[in-house]
1. At 1.002 mPa s and 20 °C, plugging the Kirkwood radius over alpha-carbon pairs of the stretch 118-187 into Stokes-Einstein gives what diffusion coefficient in µm²/s?
2. What does the charge add up to near GLY76, with Lys and Arg as +1, Asp and Glu as -1, over the other residues with Cβ less than 13 Å from its Cβ?
3. Pulled fully out, how much extra length does the chain show between ARG183 and LEU163, if you take 0.36 nm times their separation in residues and subtract their Cα-Cα distance?
4. Heavy-atom accessible area per residue, the stretch 124-184, 1.4 Å probe: how many Å²?
5. What figure in square angstrom, to the nearest 10, would you give for the accessible area of TYR88 with a 1.4 Å probe?
6. At 1.4 Å probe size, put LYS63, LYS150, LYS46 in order of accessible surface, largest to smallest.
Amino acid sequence: MAKKERFILFLCVMMCGGAIFSFPILAQEKDPSVVNAFMSALEATKIYEEPKAESSILGEIEKGGQILALTVTATGWYRILYQGKTAYVQADCFQEQTVAEELKQEIEDIAEAQETLSDEEIKNLVEGGFIQEGPVYEKYMQEKEAAGEKQQRLLTMVIICVLTVVVVLSGIGYSIVRRKELREEQK
């Protein structure tokens, strides 16, 4: 194989390899710590600043009080929103409940006012049907659409790279076969 052909092959392989390794992960496993469920207090329960009983107490939830548990830690604490801040309660003091319309509205209001919600929490709230309109919902949908467009562009780039490699390899193969034929004709 001539130096020029090897160089072209090298460039194609490098270009396609870069495109493939830069391609985002399409399927992500669901995080088992995500809860996104309404909970009802089984007893009066303290609200803590950190997921440990030694941390500062921010308040208390009465028996029957309702929270939205966003995530759960490995040590058994629910991460919640309390007065516009992230807070924690002990998970074993709560049970899951059905969602009332008033609570759905409360979630929407909290989410719209919250700047502390992570993208993952917003995604789970929207996809779980807890937020169905408003600025947070609109922002999430725009970002989802932009991500889909980016994914489509990357997929197109990978297809073009693969086709380029196929064409170059076909050309190299043809060149090798043609050279053999010419050598045999000269004999």
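The values are calculated or read from the model by the stated rules, or taken from the named source; none is laboratory data. Bear in mind that the values here come from a model prediction, so they are computed numbers and not experimental data. In this analysis, Cβ positions are derived from the backbone assuming ideal geometry, glycine residues included, and neighbour counts consider all displayed protein chains. Quick note on the areas: whole protein, heavy atoms, side chains included, nothing else; ligands and nucleic acids left out. Shrake-Rupley method; radii C 1.70, N 1.55, O 1.52, S 1.80 Å.
1. 131
2. +1
3. Working it through step by step, the gained length comes to 4.2 nm.
4. Using a 1.4 Å probe on heavy atoms only, each residue of the stretch 124-184 averages 71 Å².
5. 40
6. Descending order: LYS63, LYS150, LYS46.
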